[in-house]
Amino acid sequence: MTDREFEAQRKRVRREMNKWRNLMGLGSWAFSYVYCREGLDVPDGYAAEGRTCLMRVNSAWEYCEAEIAISMPMMLETPDEELSRICIHEMMHVLVAELREGADDIRHEERVVTMLTKAAMWMMEGAALGERKKLKGKAVA
Ligand SMILES: [Zn+2]
């Protein structure tokens, strides 16, 4: 990955993260970002499944602080629509972070966050569809 590609991806991911951070009510949180030129470690138990890790969140939820580590080589391969879903997913991790305390196994959190992300995306799709139907109805009338 060239420096130019790295910088383009850094700007791209920050723009998308800032968008979802604000839309999801996390504007008052302090975020920091770690842009990794290498891949990220996969959480215990997931490497055996052949999973990879594009982003990882660490949170000091009691202080409303979150650090997001990003694998920049993987970012280069991530389409825009997928990036939106991933950013929403990571922000959901931030929202539920305090529920993780003391839990070594994050599979339950991953399922909850995955379903919340799907629900958010279905709501946005439904709202967009409703707007299109409304506009279509106006055009016919
Ligand atoms: Zn996750």
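The values are calculated or read from the model by the stated rules, or taken from the named source; none is laboratory data. All values derive from a computational prediction rather than experimental measurement. Ideal geometry is used to build each Cβ from the backbone, glycine not excepted, and the neighbour counts take in all protein chains shown.
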Subject >> Odd one out for Glu125 among (1) within 15 Å of the ligand (Cβ to nearest atom); (2) part of a helix (DSSP H, G or I) >> reply: (1)
Subject >> So Tyr35, is it at pLDDT below 95, among the aromatic types (Phe, Trp, Tyr) and more than 12 Å from the chain's Cα centre (by Cα) >> reply: no
**OP:** Need at least 1 residues that are of a type in the set (D, E, K, R) and free of Cβ contacts under 8 Å to residues at least 40 places away in the same chain per element, so show me which strands (runs of 3 or more DSSP E) inside segment 29-122 make the cut, counting only ones lying wholly within it.
**Re:** 55-60, 65-71
**OP:** Kindly check whether there is at least one residue in segment 71-89 that is of a type in the set (Ser, Thr, Tyr) and within 14 Å of the ligand (Cβ to nearest atom).
**Re:** yes
**OP:** Scan (1) part of a loop (DSSP other than H, G, I, E, B); (2) over 18 Å from Ala97 (Cα atoms); (3) without any contact (Cβ under 8 Å) to a residue 60 or more places away in the chain for the single condition Met1 breaks and write down its number.
**Re:** (3)
**OP:** Could you list all residues from segment 5-24 that are touching a helix residue (DSSP H, G or I) at 6+ places or on another chain (Cβ under 8 Å) and assigned to a helix (DSSP H, G or I)?
**Re:** Glu5, Phe6, Gln9, Arg10, Arg12, Val13, Glu16, Met17, Lys19, Trp20, Arg21
Original post:
Which residue out of Arg107, Arg132 is within 11 Å of the ligand (Cβ to nearest atom) and either surrounded by fewer than 13 Cβ atoms within 10 Å (Cβ to Cβ) or among the basic types (Lys, Arg) (or both)?
Top reply: Arg107
